[in-house]
Structures are given as structure tokens and as C-alpha cells.
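Asks: So that we are looking at the same thing, I have put the structure below in C-alpha cells.
Taken together, the values in this text are just the output of simple stated rules run on the coordinates, not laboratory data. Note that the structure is predicted; figures quoted are calculated from it, not measured. As a convention, Cβ positions derive from the backbone with ideal geometry for all residues, glycine included, and neighbour counts pool all protein chains shown.
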Amino acid sequence: MTDRAIVTGGAGFIGSHVVDSLLSDGYAVTVVDDLSSGSEERVPAAAELRTVDIVDLPALQKVFDDVAPQAIYHLAAQASVVASVADPGRDCDVNVRGTLNVLELAGRAGAPVVFTSTGGALYGDEAPRPTPEDRIPAPLSPYGASKWAAEAYVRTWSLSSSIPHAVCRLGNVYGPRQSPHGEAGVVAIFTGHLNEGRTPTLYGHGQPTRDYIYVSDVVSALRTASGRSGVYNIATGVETDVMGIWKGLCAAAGIELEPQLADLRPGELQHSCLDISRAEAELGWRPQVPIEEGLVLTYRALTEEFKDS
Ligand SMILES: NC(=O)c1ccc[n+]([C@@H]2O[C@H](COP(=O)([O-])OP(=O)(O)OC[C@H]3O[C@@H](n4cnc5c(N)ncnc54)[C@H](O)[C@@H]3O)[C@@H](O)[C@H]2O)c1
């Protein structure tokens, strides 16, 4: 009999890659997405799309009853820091209440959940780098707070039931299908600039660092974490500054363009880098795509996507 999986947020950037991976392993996949930032075109024809808001428990329950999933990948989220500041109530509804809804229904189905949290927005500027999972979070935004609260539910539900649920705290994910119109995602944003010959502004004078991870490495981590309980940083442990990202993309494009430099915007993190030794030791997972290679792959893929859009 075919294995069945639900991917919430499967019409989004990362979720759509999870869907591809599950389909290629023979799963029957149902995507739950309200299409608020995702798009129908990202969902392959082989997957079923149910346009449902995860906050709407009866509608979500109907999907779970119909599918009876054996695995759940919970990526649907209000994922914008700016939107979380503008409307912390909705951010809390989606990220906390929505996650609780998914956990409750997963419990009835007896299926494990993999929850995507954030490494970057959770630990704050004071944390040692690379930051291990046992560092007490100090989020600077409602988005970080709601992800942390949702993590608590995931861990509590895992401990109080016989179903193992996992929390994956992602670094800065980049790759094909990332939107160039988001507030983060500098790889996609800069690729958009290069395609249009526009000069980008590098805040913090190009010096802020992040732990960038290629999307296929995130997918392999989420797949490996299914059926495990625990909290895992999923990143590379390598810090790259924004100027390095810009230069890597310019090299991939064969273009030389001097960026504008500006001060860091209020509330933005200076540096972030995650310790991935727990995921390596406990999950036997390790990222495979170095940043230089990932930037070239992403530049080429996004340039093709932008032509088609
Ligand atoms: N991209 C990153 O660098 C990054 C880093 C850390 C954590 N994450 C987390 O990974 C997950 C996926 O992120 P992404 O970058 O693919 O973002 P995305 O915005 O592309 O995907 C999120 C998806 O969730 C859907 N969604 C939003 N609210 C919903 C709701 N109420 N009901 C149903 N669907 C809803 C959106 O339509 C979208 O398709 C999110 O949970 C995000 O917080 C992403």
C-alpha cells in the first residue's frame, strides 16, 4: 500500500521541494496551503492540493480524515518578520494555534510531525557562534517568539504521547523557487537584481553574516528527522557575509557590479551561525552542497524561472 504524507506549506519555497522528494520516493502527497505566500504552480500535478488555512481546525480535520497520513511535514507558517511586527496576533494564530491544530490531528492519526522552526530568528545577537541547540532562545521579533512557542508544543506533545515529533531549526535557506520579492532570501533578491542589471543595497555594509544552507540539504534533513524526536539545528556551521554572497552571484553571472552600502536596519541581526553537530551525531545527516556550488546552481535555476514568469 502507498505511504501517505501531508506537507503543510507545500506550495511554498521549501515545502515544494519536500513534496518532490516524497513523490520521488513513491509517497501519495497531500499539500495543505492557504496560498497566502505560496503558489499553485509550485505544486506538482502528482500531488493533491487542499487550499486550507491551518488555523481553521474543522477544515484541516477534514483533510486529515480523508488522507489518514503516516507522516506530516509542517512547514506552513506566517514566515515574515515584518508582518509579525505589524500583526503579531495573526502571526500567533498561524504559527502557534496552527501548529497546535496540526499536532492534535497528528495525534489522532498516530503520525509523526517534523516542524520547521528558525535558527536565525531564535538565538539573538548575544549567542556564541556557532550556536548550539541548548542555548536559551532570545528572539527579537514576534515571529521568533511564535516559532519558539510552537516548538514548546511540539516537544510537549512528543513527550506526552508515544509519537515522536521533531523540531528542525533552519539556517538561511536558499535555492531554486525562492521568491525574489521576500524580505529575506538575499540569494534570490540579488539574483533578481543581477537579472535586471539593478544595483542592490547591502545593509550593514555587506558585513552581516548568516549560515546559508542549500534547499536540497534541508529536504534531506527533514526527511531524516521524520519519526525522530528532538530539536536539531539544520544549517552548515559556515558563516558567509552578505558581500560574499553578492560576489559569488556576480561570479556565477559573469557580471561585475558595485553594490550600494548602507547601515544595518533597526532590529536586524549582525551575525548568525548554527552548530550542527547534534544533527550530524544523532541523525547521521550532513549538508552536501558547499555555498560556492549552491550559489551557481541557484543563480542558473532562478534565472530560468524569472524568464518563464
Ligand atoms: N526560508 C528560510 O530561510 C527559513 C528559515 C527558517 C525557517 N523557515 C521556515 O520554513 C518554513 C517554510 O518557509 P519558506 O521559506 O518555504 O516560506 P514560504 O512562505 O515560501 O512557505 C510557507 C507556506 O506556508 C503557506 N501558509 C502560510 N500561512 C498559512 C496558513 N495559515 N495555512 C496554510 N498555509 C499557510 C504559504 O502560502 C506558503 O506556501 C516556514 O515554517 C518558515 O518559518 C524558513
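Asks: Using the Cα centre as the reference, give the magnitude of the dipole from point charges on the C-beta atoms of the chain (Lys, Arg: +1; Asp, Glu: -1; all else neutral), rounded to the nearest 20 debye.
Replies: With Lys and Arg at +1 and Asp and Glu at -1, about 460 debye.
Asks: Could you put Tyr174, Tyr214, Tyr203 in order, starting from the residue whose Cβ has the fewest other Cβ atoms within 10 Å?
Replies: Numbers: Tyr174 26, Tyr214 23, Tyr203 17.
The most exposed by this proxy come first: Tyr203, Tyr214, Tyr174.
Asks: Here is a further query. Pairing the Cα long axis of helix 13-24 with the longest principal axis of the chain, what angle in degrees results, from 0 to 90 and rounded to the nearest 10?
Replies: 60 degrees
Asks: Thr51 to Leu35: extension gain in nm, 0.36 nm per residue of separation minus the Cα-Cα distance? Don't jump to the answer; show the numbers that get you there.
Replies: Numbers: separation 16, 0.36 × 16 = 5.76 nm, distance 0.70 nm.
Between Thr51 and Leu35, full extension yields 5.1 nm more.
Asks: Which percent of Cα pairs goes in each bin when the distances of segment 99-188 are cut into 10 angstrom slices starting at zero?
Replies: 15, 39, 33, 12, 0
Asks: Express in nm, to one decimal, how much length is gained between Thr201 and Arg286 on full extension, taking 0.36 nm for each residue of separation and deducting their alpha carbon distance. Please list the in-between numbers first.
Replies: Values: separation 85, 0.36 × 85 = 30.60 nm, distance 3.29 nm.
Contour length minus Cα-Cα distance gives 27.3 nm.
Asks: Just going by the charge dipole of the chain, with Lys and Arg at +1 and Asp and Glu at -1 on Cβ, which of Leu105, Ser146, Ile14 is farthest out on the positive end?
Replies: Of Leu105, Ser146, Ile14, it is Leu105.
Asks: Follow-up. At 222 nm, what helix-only mean residue ellipticity would the chain give, in deg cm²/dmol to the nearest 500, using -39500 (n - 2.57) for each DSSP H run of four or more? The partial results should precede the final answer.
Replies: Numbers: 11 runs with 120 residues, N = 309.
Taking each H run of at least 4 residues, the total per residue is -11500 deg cm²/dmol.
Asks: Going by how many other Cβ atoms sit within 10 Å of their own, how do Cys273, Cys168, Cys250 line up, fewest first?
Replies: Values: Cys273 24, Cys168 27, Cys250 18.
Least to most surrounded, the residues fall as Cys250, Cys273, Cys168.
Asks: Which angle from 0 to 90°, rounded to the nearest 10, does the C-alpha axis of helix 215-225 make with the longest principal axis of the chain?
Replies: On a 0 to 90 degree scale, this one is about 30.
Asks: How long is segment 1-160 along each principal axis, judged by its Cα atoms, biggest number first, in Å?
Replies: 49, 33, 31
Asks: Using a cut-off of 14 Å between beta-carbons, work out the net charge of the residues near Glu151 (Lys and Arg +1, Asp and Glu -1, Glu151 not included).
Replies: Values: positive: Arg135, Lys147, Arg155, Arg169; negative: Glu133, Asp134.
Neighbour charge sum, excluding Glu151 itself: +2.
Asks: Here is a follow-up. Going out from 0 in 20 Å bins, what whole percent of all Cα-Cα distances in the chain drops into each bin?
Replies: 34, 59, 6
Asks: Got a sec to turn the phi values of segment 241-249 into Karplus ³J(HN,Hα) couplings, 6.51 cos²θ - 1.76 cosθ + 1.60 with θ = phi - 60°, whole Hz, x for Gly and Pro?
Replies: 8, 4, 4, x, 5, 4, 5, x, 6
Asks: Right, here's the next one. Subtract the Cα-Cα distance of Arg90 and Ser277 from 0.36 nm times their separation in residues, and report this length gain in nm to one decimal. It would help to have the intermediate numbers written out before the result.
Replies: Details: separation 187, 0.36 × 187 = 67.32 nm, distance 3.44 nm.
Between Arg90 and Ser277, full extension yields 63.9 nm more.
Asks: If the label point is 7 Å along Cα→Cβ of Phe306, which residues in segment 181-205 have backbone nitrogen under 12 Å from it?
Replies: Only 181, 187-200 fall inside the zone, counting backbone N under 12 Å.
Asks: What angle do you read, to the nearest 10 degrees and between 0 and 90, between the alpha-carbon axis of helix 291-308 and the longest principal axis of the chain?
Replies: Long axis of 291-308 versus the principal axis of the chain: about 80 degrees.
Asks: Which percent of the Cα-Cα distances in segment 1-90 go past 23 Å? Walk me through the numbers before you get to the answer.
Replies: On the way: 851 of 4005 pairs.
Cα-Cα pairs of segment 1-90 separated by over 23 Å account for 21 percent.
Asks: Now for a separate question. What lysines sit close enough to Lys62 to cross-link, taking a C-alpha to C-alpha distance under 30 Å and skipping anything fewer than 8 places away on the same chain?
Replies: Qualifying lysines at Cα under 30 Å: Lys147.
Asks: What distance in nm separates the two pseudo spin-label positions at Leu264 and Ser162, each 7 Å out from Cα along the beta-carbon direction?
Replies: With each label point 7 Å from Cα toward Cβ, the separation is 4.9 nm.
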